[in-house]
Amino acid sequence: MKNNLLRLFVILPAVVFCSSLYAQDAYKLQYKFEKGKTYLYRIEATTDISQEMMGQEMKFNTISNNVARFNIENTANDGSADIIFSLDSAYVKSNIRGKDTTFNLQDMIGKKIKMNVSELGRINTYTVLDSMQDNNRTLSVAQESKNFFRLLNGKETKAGDKWNSTEVDTINNMGGKIVSNIDYEYSLAGIEDKLGHQCYKIPFTAKIKIEGKGNMSGMDLFIEGNGKSSGTAYLDVKTGMNVYVESSVDNEMTIATSGQQTMTIPMSQSTKNVISLIGD
């Protein structure tokens, strides 16, 4: 009798464990856009850049703190939505060779970009509605909007499941194009409370390959590099929208010039980003 009870106590925990595995909840990960809904986010980024030119090392640091507005203008039967992105406020401070500079970014405020985004977070169409005289500032606003959505798998997903996606981002700048190929791996870590919201916790990593060319002051530029990224996204269980995202990106690049002056400029770039929901 005693031995039978002992065997029962050994077997029961194993049975309970196996049952918990089979009973594990599965979730369909997707964005559930609601027409007329507006979301406000604080987007903070710190970037450190180091480059070597003609035997001299140069270091830069920038800090940006923006408030972005996402207005869901229309929704479609396939779950996609037309979303208007704009900045309510923008602040950038740079430090070059120990000198601090704060930029006046008032011309960026209210400039709109329209995106059609699928229920899985893929950007189907992308239109700059209000451009700026400074093309670099237009690019800055564009990049903030493009990097906002995580690509979800739209399938029944359990904690521990993984999925992959590949994104190709092309930037027209310096009379040429810079193309980034980014291979993401996502996983579902479970459900966790964040900023008062019940959220899917989704860690991610990425490998980045950068290639491009352009022209500046009569010099042809050729850019290539590799990078990596990691972070965690917290997406609202009810809406799928970002509640909090923290990430870091590290890139190693080389810029080669040709023409009257030929040189190779190695560059390292490290960026830390935080996106947090401040109004919905």
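The values are calculated or read from the model by the stated rules, or taken from the named source; none is laboratory data. Everything numeric in this text was worked out from a predicted model, so none of it was measured. Neighbour counts run over all protein chains shown; Cβ positions are idealised from the backbone, glycine included. Please note that ligands, DNA and RNA were not included when accessible areas were found on the heavy atoms of the full protein model with its side chains. Shrake-Rupley method; radii C 1.70, N 1.55, O 1.52, S 1.80 Å.
Some values worked out for this structure:
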{"item": "Residue satisfying condition, being closer than 30 Å to Lys99 by Cβ, of a type outside the set (A, V, I, L, M) and in contact (Cβ under 8 Å) with a residue 60 or more places away in the chain, within set Thr38, Thr46", "result": "Thr46"}
{"item": "Members of region 182-225 that are aromatic (Phe, Trp, Tyr), buried (at least 18 other Cβ atoms within 10 Å of the Cβ) and within 19 Å of Thr271 (Cβ to Cβ)", "result": "Phe204"}
{"item": "Residue in region 170-183 that is over 18 Å from Ser80 (Cβ atoms) and touching a residue at least 60 places away in the same chain (Cβ under 8 Å) present", "result": "no"}
{"item": "Unmet criterion (only one of (1) open to solvent by 40 Å² or more (accessible area, probe 1.4 Å); (2) of a type in the set (Asp, Glu); (3) within 22 Å of the chain's Cα centre (by Cα)) for Asp78", "result": "(3)"}
{"item": "Ile255 being farther than 28 Å from Arg42 by Cα, in a strand (DSSP E or B) and either among the hydrophobic types (A, V, I, L, M, F, W, C) or touching a residue at least 60 places away in the same chain (Cβ under 8 Å) (or both)", "result": "yes"}
{"item": "Hits in region 68-120 - residues which are basic (Lys, Arg) and farther than 18 Å from Ala45 by Cα", "result": "Arg97, Lys99, Lys111, Lys112, Lys114"}
{"item": "Test: Leu129 is among the hydrophobic types (A, V, I, L, M, F, W, C) and modelled with pLDDT of 95 or more", "result": "no"}
{"item": "Residue list for region 157-169, filter: open to solvent by 70 Å² or more (accessible area, probe 1.4 Å) and either under 15 Å from the mean Cα position of the chain (by Cα) or free of Cβ contacts under 8 Å to residues at least 60 places away in the same chain (or both)", "result": "Lys162, Asn164, Thr166, Val168"}
{"item": "Some residue of region 133-140 being among the small types (Gly, Ala, Ser) and open to solvent by 20 Å² or more (accessible area, probe 1.4 Å)", "result": "yes"}
{"item": "Criterion violated by Ser248 - all others in (1) more than 20 Å from Asn164 (Cβ to Cβ); (2) assigned to a strand (DSSP E or B) satisfied", "result": "(1)"}
